[in-house]
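J.: Right, I'll just put the structure down here and ask away after.
The values are calculated or read from the model by the stated rules, or taken from the named source; none is laboratory data. In this text the structure is predicted, and so the values were computed from the model without any measurement. Don't worry about glycine lacking a Cβ; one is built from the backbone with ideal geometry, like all the others, and counts go over all protein chains shown. The protein model used for the area step is the full one, side chains on, heavy atoms only, and it has no ligands, DNA or RNA in it. Shrake-Rupley method; radii C 1.70, N 1.55, O 1.52, S 1.80 Å.
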Amino acid sequence: MTEHRNALGQPIGFPLPDWTPCARPPRTPMLGRYCHVEPLDMARHADQLDTVFRDGDPGNWTYLGVGPFATAEAFRSYLSKAAASEDPLAHGIVDAATGIAVGMASYLRIDANNGCIEVGGIHLSDRLKRTRASAEAMFLMMRRAFDELGYRRYEWKCDSLNAPSRAAAERYGFRFEGIFRQAVVYKGRNRDTAWFAVLDSEWPAIRSAFEAWLAPANFDTAGTQRQRLSNLIADARSRPR
């Protein structure tokens, strides 16, 4: 990229003469082949989420800022507040085949003026982990941020000790940007935060890789992937633009 300088010869960031703030994410569903990502709704999602999370591995709560909850009432109270919030803007991830909510994810730290938005609060039940639906949910949320709303930067942050989350971020095409040491106190302990991001300039390659990976032809009759998403993303990034 060409270096830009001001009238004094000082290096400055590249110009954005046509930049306008982004719209905030709407409360409308994102529909995919394997899942639907729907704004969190107590009537539709609360009981289903309580069931799938309560039946799952308690360790799934370790790196979340909340939970596990001792009672269904406590969980519903948390969900009620989450459903009413504008930032974080919580969503239920619904299995398209069964219509059952099997996970959650949120948009948060929504900075429409600067075109920056984060995905977080990701809680996948054991039914959703390592499925096409879980990857598609992340794809749908990225696609909304970049293609529908025009954001420039899409962030993923997690506890630096959360190895599965860090691996997922890299598998989905996020680039590691560093560790913010002693960034958070939660559940009575320290968190060093690992930062990842995708930029709008990187998104077309990631989008094409996701579309190829999610295509039914990429899976055999047993549901085994023919090509890995991470390989498709690496291949797409290596092509001349």
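J.: Could you check the range 178-200 and list, in sequence order, the residues that are among the charged types (D, E, K, R) and assigned to a strand (DSSP E or B)?
T.: ARG181, ARG189, ARG191, ASP192
J.: Moving on to the next point. How do the pairs read when you match residues in the range 88-105 that are free of Cβ contacts under 8 Å to residues at least 60 places away in the same chain with residues anywhere that are part of a strand (DSSP E or B) and aromatic (Phe, Trp, Tyr), using Cβ under 7 Å and keeping only pairs 6 or more apart or on different chains?
T.: PRO88/TYR107
J.: Output the number of the condition that ALA43 fails; it satisfies all remaining conditions of (1) open to solvent by 70 Å² or more (accessible area, probe 1.4 Å); (2) assigned to a loop (DSSP other than H, G, I, E, B).
T.: If we test ALA43 against (1) open to solvent by 70 Å² or more (accessible area, probe 1.4 Å); (2) assigned to a loop (DSSP other than H, G, I, E, B), just (2) comes out false.
J.: If ARG109 satisfies all but one of (1) free of Cβ contacts under 8 Å to residues at least 60 places away in the same chain; (2) of a type outside the set (A, V, I, L, M); (3) in contact with a helix residue (DSSP H, G or I) (Cβ under 9 Å, 6 or more places away or on another chain), what's the number of the condition it fails?
T.: Every condition holds for ARG109 apart from (3).
J.: When the range 48-73 is examined, which residues are found to be exposed (fewer than 13 other Cβ atoms within 10 Å of the Cβ) and free of Cβ contacts under 8 Å to residues at least 40 places away in the same chain?
T.: Across the range 48-73, the qualifying residues are PRO58, GLY59, ALA70, THR71, GLU73.
J.: Next question. In the range 74-84, how many are under 11 Å from ALA101 (Cβ atoms) and open to solvent by 60 Å² or more (accessible area, probe 1.4 Å)?
T.: Residues in the range 74-84 being under 11 Å from ALA101 (Cβ atoms) and open to solvent by 60 Å² or more (accessible area, probe 1.4 Å): 0 in total.
J.: Here is a follow-up. Would you check if ASP147 is acidic (Asp, Glu), at pLDDT below 95 and exposed (fewer than 15 other Cβ atoms within 10 Å of the Cβ)?
T.: no
J.: So ALA97 ticks every box in (1) under 19 Å from LEU124 (Cβ atoms); (2) open to solvent by less than 40 Å² (accessible area, probe 1.4 Å); (3) out of contact with any strand residue (DSSP E or B) (no Cβ under 7 Å at 6 or more places or on another chain); (4) not charged (D, E, K, R) but one. Which box is left unticked?
T.: (2)
J.: Can you tell me which of (1) open to solvent by less than 90 Å² (accessible area, probe 1.4 Å); (2) modelled with pLDDT under 95; (3) part of a loop (DSSP other than H, G, I, E, B); (4) not charged (D, E, K, R) is the one PRO17 doesn't meet?
T.: So PRO17 meets the others, but not (1).
J.: Inside the range 169-201, can you point out the residues that are among the small types (Gly, Ala, Ser) and under 18 Å from GLY121 (Cα atoms)?
T.: The answer is ALA169, ALA183, ALA194, ALA197.
J.: Sticking with this structure for a sec: For the range 150-167, which positions are within 23 Å of SER208 (Cα to Cα) and either touching a helix residue (DSSP H, G or I) at 6+ places or on another chain (Cβ under 7 Å) or at pLDDT below 95 (or both)?
T.: Matches in the range 150-167: TYR151, TYR154, TRP156.
J.: So, one more: Does the range 95-104 contain any residue that is closer than 25 Å to VAL66 by Cβ, modelled with pLDDT of 95 or more, out of contact with any Leu (no Cβ under 6 Å at 6 or more places or on another chain) and not hydrophobic (A, V, I, L, M, F, W, C)?
T.: yes
J.: Just for the range 110-139: of the residues that are out of contact with any Cys (no Cβ under 8 Å at 6 or more places or on another chain) and on the phi > 0 side of the Ramachandran plot, which one is least open to solvent (accessible area, probe 1.4 Å)?
T.: Across the range 110-139, the extreme among qualifying residues is GLY121.
J.: For the subset of the range 150-206 comprising residues that are in contact (Cβ under 8 Å) with a residue 40 or more places away in the chain and among the acidic types (Asp, Glu), which member is most open to solvent (accessible area, probe 1.4 Å)?
T.: GLU170
J.: In this structure, does ALA236 turn out to be surrounded by 15 or more Cβ atoms within 10 Å (Cβ to Cβ) and at pLDDT below 95?
T.: Criteria met by ALA236.
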